[in-house]
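Chemist: Provided herewith is a single structure, encoded as structure tokens, for subsequent inquiry.
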Amino acid sequence: MQVGIIGLPNVGKTTIFNSLTTAKAAVANYPFCTIEPNQGLVSVADNNLLPLSKIYNSAKVTPAAIKILDVAGLVEGASRGEGLGNKFLASIREVDVVAHVIRCFYDENVAHSNADIDPENDIDIINTELMLADIETLSKKKDKFASLSKSGDAIAKESLEFIEMCIAFLNAGDVNRCAEQLEKREDLLKQLNLLSIKPVIYIANINENKESQILFERLQKKAAGQKIVKVYGKIENELCDFPEEEKSIYRKELGIENDGLRDFIAQCYIMLGLITFYTINENETRAWPVKKGINILDAAGKIHTDMQKGFIKAEVISCADLIASGSYHAAREAGKLKIEGAQYIVKDMDVIQIRFNL
């Protein structure tokens with residue numbers, strides 16, 4: 001599961017990627033500095049980890065993490081191969097959530113692919129190129145089903161009509177109706193892996209100036225109903241190597257209300273459909289990201305395949321109950337611990353101890 005950071009050239013994609021991952025990927029004032037996608041892991045902030053670690057005085061604390069991909073900048077005509085169009089589109093197919101960076105700042109020292117800084121136009125360019133690429137994908141599938149339907153294949157004929165309907169929706173710019181229809185055909189949904197229907201979160205790359213706030217308000221109107229986070233990209237990049245406490249102090253001094261990067265990561269975690277469970281012992285307190293709805297047997301396999309193969313049972317307690325109890329012994333005495341079998345569905349913030357045979 002991964003998030004792809006996309007946008008036009010020089011909107012601050014790699015700056016924000018570096019702020020998230022401290023990867024120090026190359027940043028330059030010209031288009032296509034990023035060619036091959038940069039990849040990194042981003043830790044998910046979690047206030048439960050420290051109190052949980054105190055129960056066993058764990059030597060190590062490991063937060064959950066998600067994968068972030070910094071994709072090369074897209075330009076108008078990418079669906080026809082302009083710029084790094086083919087690389088860009090191929091990279092987006094690999095991601096589960098699209099994080100679209102929109103430039104909401106003026107800086108004459110940072111070039112822009114268009115004459116004006118225009119959030120609305122930036123969104124339209126990206127969305128149009130993704131839809132055009134999807135129409136091409138659908139058209140290829142349409143040709144295949146048209147050929148099969150000529151031989152009397154009833155299923156192919158039905159699928160052909162379905163694909164034609166999806167193409168018509170995209171030609172009309174109606175991505176939502178296309179997505180709604182594809183939800184009814186999971187087989188085609190997975191095969192096609194369309195770009196324009198992937199979940200999107202907008203990152204407004206802003207600075208402290210009033211002009212930047214005006215650009216942000218324009219973005220809000222354009223992307224009404226979508227998830228949007230504000231990130232002070234340049235400032236966050238400068239704070240990369242600072243301890244968290246110092247970052248917080250510096251933001252307050254500048255009048256920055258929220259940690260935009262933290263908000264962004266939290267939103268992505270939800271959009272990826274992830275929940276967290278914990279394992280704790282003397283060696284490590286660890287948060288594990290897993291898909292919502294996973295059973296405990298599969299969750300055990302995330303920890304170690306031996307646990308999955310030799311699974312006997314699991315002790316499960318909610319994180320809140322364990323922290324409130326202060327120890328496993330006290331939680332057991334209070335009847336808060338439960339014994340669960342292989343088909344138990346893991347809940348968000350469960351603390352789990354797996355019993356297994358080697």
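Chemist: Listing ARG218, ARG103 from the residue with the fewest other Cβ atoms within 10 Å to the one with the most, what is the order?
Modeler: ARG218, ARG103
Chemist: So for LYS234, LYS292, LYS13, LYS221, fewest C-beta neighbours within 10 Å to most, what's the order?
Modeler: By the 10 Å Cβ count, ascending: LYS221, LYS292, LYS234, LYS13.
Chemist: Quickly work out the GLU120-to-ASP96 label distance, labels modelled 7 Å from Cα along the C-beta direction, and quote it in nm with one decimal.
Modeler: Computed distance between label sites ASP96 and GLU120 equals 3.5 nm.
Chemist: Okay, next question. Let me spell out the model: positive unit charges on the Cβ of Lys and Arg, negative unit charges on the Cβ of Asp and Glu, origin at the Cα centre of the chain. What dipole size does that give, in debye rounded to 20?
Modeler: 1100
Chemist: Could you sort the peptides 262-271, 134-143 by per-residue average Cβ neighbour count (10 Å cutoff), highest mean leading?
Modeler: 262-271, 134-143
Chemist: Another question, then. How high is the relative contact order of the range 98-222, in percent, counting Cα pairs under 8 Å that sit 6 or more residues apart?
Modeler: 45
Chemist: Can you compute the charge dipole magnitude of the range 127-192 about its Cα centre, using +1 on each Lys and Arg Cβ and -1 on each Asp and Glu Cβ, nothing else charged? Give it in debye, rounded to the nearest 20.
Modeler: 220
Chemist: Given H placed on each backbone N at 1.01 Å, which residues far from GLU284 in sequence or on other chains put an amide H within less than 5 Å of it?
Modeler: ALA59, LYS60
Chemist: Which FRET efficiency value, to the nearest 0.05, is calculated for GLU257 and ASN127 with the Förster distance at 30 angstrom and r the Cβ-Cβ distance?
Modeler: After rounding, the FRET efficiency stands at 0.55.
Chemist: Hey, another quick one. If you take all C-alpha pairs in the range 127-192, what percent of them are over 14 Å apart?
Modeler: Here the tail beyond 14 Å accounts for 56 percent of pairs.
Chemist: Still on this structure: Nearest 5 is fine: what % of DSSP beta bridges in the chain come out antiparallel, could you say?
Modeler: 50
Chemist: Between the alpha-carbon centers of the range 238-313 and the range 160-207, tell me the distance in whole angstrom.
Modeler: What the calculation gives is 29 Å, centre to centre.
Chemist: Need one number: nm distance between label points at LYS221 and ALA320, each 7 Å from Cα along Cα→Cβ, rounded to one decimal.
Modeler: Rounded to a tenth, the inter-label distance reads 4.1 nm.
Chemist: Starting from the coordinates of the alpha-carbon atoms of the range 293-356, obtain the Kirkwood hydrodynamic radius over all distinct pairs and give the value in Å to one decimal.
Modeler: In the range 293-356 this quantity evaluates to 11.9 Å.
Chemist: With the contact rule set at Cα under 8 Å and sequence spacing of 6 or more, what percent relative contact order holds for the range 204-274?
Modeler: Normalised by residue count, the contact order of the range 204-274 is 32 percent.
Chemist: Kindly write out, for the range 131-146 in residue order, the coupling ³J(HN,Hα) from the Karplus curve 6.51 cos²θ - 1.76 cosθ + 1.60 (θ = phi - 60°), rounded to whole Hz, with x marking Gly and Pro.
Modeler: 5, 4, 5, 5, 4, 5, 4, 5, 5, 5, 5, 4, 4, 5, 5, 5
Chemist: Another question, then. On a 0 to 90° scale, report how tilted helix 244-253 is relative to the longest principal axis of the chain, with both axes built from alpha carbons and the result rounded to the nearest 10.
Modeler: 50
Chemist: Going by how many other Cβ atoms sit within 10 Å of their own, how do MET131, MET165, MET1 line up, fewest first?
Modeler: Result, fewest neighbours first: MET165, MET1, MET131.
Chemist: Counting only helical runs of four or more DSSP H residues, what would the 222 nm mean residue ellipticity of the chain come to if each run contributes -39,500 (n - 2.57) and the total is spread over all its residues?
Modeler: -13000 deg cm²/dmol
Chemist: Just to be sure I follow the rule: in the range 105-211, considering lysines 8 or more places apart or on different chains, how many pairs have Cα atoms under 26 Å apart?
Modeler: Here the count comes out as 25.
Chemist: Which three lengths, in whole Å and largest first, does the range 246-357 cover when its Cα atoms are put on their principal axes?
Modeler: Sorted from largest, the Cα extents of the range 246-357 read 55, 31, 23 Å.
Chemist: What is the count of Lys pairs in the range 212-253 whose alpha carbons sit under 21 Å apart, if the two are 8 or more places apart or on different chains?
Modeler: Lysine pairs, 8 or more places apart or on different chains, close enough: 6.
Chemist: Can you list residues from other chains, or at least 5 along the same chain, whose modelled amide H is less than 5 Å from the amide H of LYS336?
Modeler: Answer set, sorted by chain and number: none.
Chemist: Sorted from largest down, what three extents in whole angstroms do the Cα atoms of the chain have along their principal axes?
Modeler: Cα spread of the chain along its principal axes, largest to smallest: 66, 65, 32 Å.
Chemist: For ARG355 and ILE249, compute 0.36 nm times the residue count separating them, minus their Cα-Cα distance, and round to one decimal in nm.
Modeler: Gain in length upon complete extension: 33.7 nm.
Chemist: Let me ask you something else. Using per-residue counts of other Cβ atoms within 10 Å, averaged over each peptide, order 91-101, 312-322 from highest down.
Modeler: The densest-packed peptide leads the list: 91-101, 312-322.
Chemist: Round to the nearest 0.05 the FRET efficiency obtained for SER151 and LYS338 when R0 = 41 Å and r is the Cβ-Cβ distance.
Modeler: That gives a FRET efficiency of 0.10.
Chemist: Let me ask something else. State the extension gain, in nm to one decimal, for the chain segment bounded by ASP241 and HIS304, taking 0.36 nm per residue of separation less the distance between their alpha-carbons.
Modeler: Difference between extended and current length: 19.4 nm.
Values quoted throughout were computed directly from the atomic coordinates according to the rules given, and no laboratory measurement underlies them. Keep in mind it's a predicted model, so treat the numbers as computed, not measured. No Cβ is skipped: glycine too gets one built from the backbone with ideal geometry, and neighbour counts run over all protein chains shown.
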